[in-house]
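Below is one structure; the comments refer to it alone.
The values are calculated or read from the model by the stated rules, or taken from the named source; none is laboratory data. Every value quoted in this text rests on a predicted model; they were computed, and no experiment measured them. Using ideal geometry, Cβ is built from the backbone for each residue, glycine included, and neighbour counts are taken over all protein chains shown.
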Amino acid sequence: MRYLKMDDPEFWENEGVFKAITFAGKIRTTEPAEPVVEDEHASRSSYFVLGDPDDPAAPVATVLRMPPLYALPHHSHPTDIFMLVLRGSLYVPGAKLGPGDGLTAKAHELYGPELAGPEGCVRVEFFATRDGATNVEYVTPDGERRVHDYLRDGQSPWRTGMEDVPALMTELLADLRVT
């Protein structure tokens, strides 16, 4: 048994196969040839396997800390997911999710984009399988569906699926003017 606190640095240290996809505290510039830049305000993720970490069928919970206005593209996974916001807010098409709010998606069902609110967002996403957590499906601008495997391919070159982010940003700014 082990007790965990999100505020401890050890919480964000991934073990085993997940070390290969840890990009905690780093951001990738727009060009793949440019260096990765340290940024203490970048997103961080921690993967918790429920069972054998080497078993591709083992369920996984992923905690993602998103800084303010951090965006993830429209994407899917090859397994069912359940996401729950723990802290902050998350703007998704048609909804603003706060602590205790969540969403579900079936395998291969596209969701997002996601935009962290002005205070950032911490969310946990449960995946039915480890491979479902590490494989991200996205649609290219020409409509082709592709899979990015974080264990095999490393950091994803997110260059698609962000078309709806400006509308989410407009909604977020409107909320800020109201409060």
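So which residues in the stretch 75-91 are surrounded by fewer than 20 Cβ atoms within 10 Å (Cβ to Cβ) and either out of contact with any Cys (no Cβ under 9 Å at 6 or more places or on another chain) or of a type in the set (A, V, I, L, M) (or both)?
78, 80, 82, 84, 86
The set of residues in the stretch 71-101 being touching a Leu at 6+ places or on another chain (Cβ under 6 Å), in contact (Cβ under 8 Å) with a residue 40 or more places away in the chain and farther than 21 Å from residue 149 by Cα consists of 91 alone.
Would you check which residues across the stretch 55-70 are more than 13 Å from residue 133 (Cα to Cα), out of contact with any Leu (no Cβ under 8 Å at 6 or more places or on another chain) and not in a strand (DSSP E or B) and list them?
Selection gives 67, 68.
Checked against (1) modelled with pLDDT under 95; (2) of a type in the set (A, V, I, L, M); (3) within 13 Å of the chain's Cα centre (by Cα), residue 83 meets all criteria but (1).
Inside the stretch 144-170, residues that are in a loop (DSSP other than H, G, I, E, B) and modelled with pLDDT of 85 or more make up a count of 1. Look at the stretch 1-21: where a residue is without any contact (Cβ under 8 Å) to a residue 60 or more places away in the chain and a partner is among the charged types (D, E, K, R) and surrounded by 13 or more Cβ atoms within 10 Å (Cβ to Cβ), sitting 6+ places away or on another chain with Cβ atoms under 8 Å, you get 12/44; 12/65.
I'm trying to understand the selection: among the residues of the stretch 112-132, which are outside any strand (DSSP E or B) and either surrounded by 24 or more Cβ atoms within 10 Å (Cβ to Cβ) or out of contact with any helix residue (DSSP H, G or I) (no Cβ under 6 Å at 6 or more places or on another chain) (or both)? Show your work before the answer.
Start the filter on the stretch 112-132 by keeping residues that are outside any strand (DSSP E or B), which leaves 112-113, 128-132.
The answer is 112, 128, 129, 130, 131, 132.
Just so you know, in the stretch 12-54 the residues that are loosely packed, with under 14 Cβ neighbours inside 10 Å and modelled with pLDDT of 75 or more include one that is nearest to residue 124 (Cα to Cα), and it is 50.
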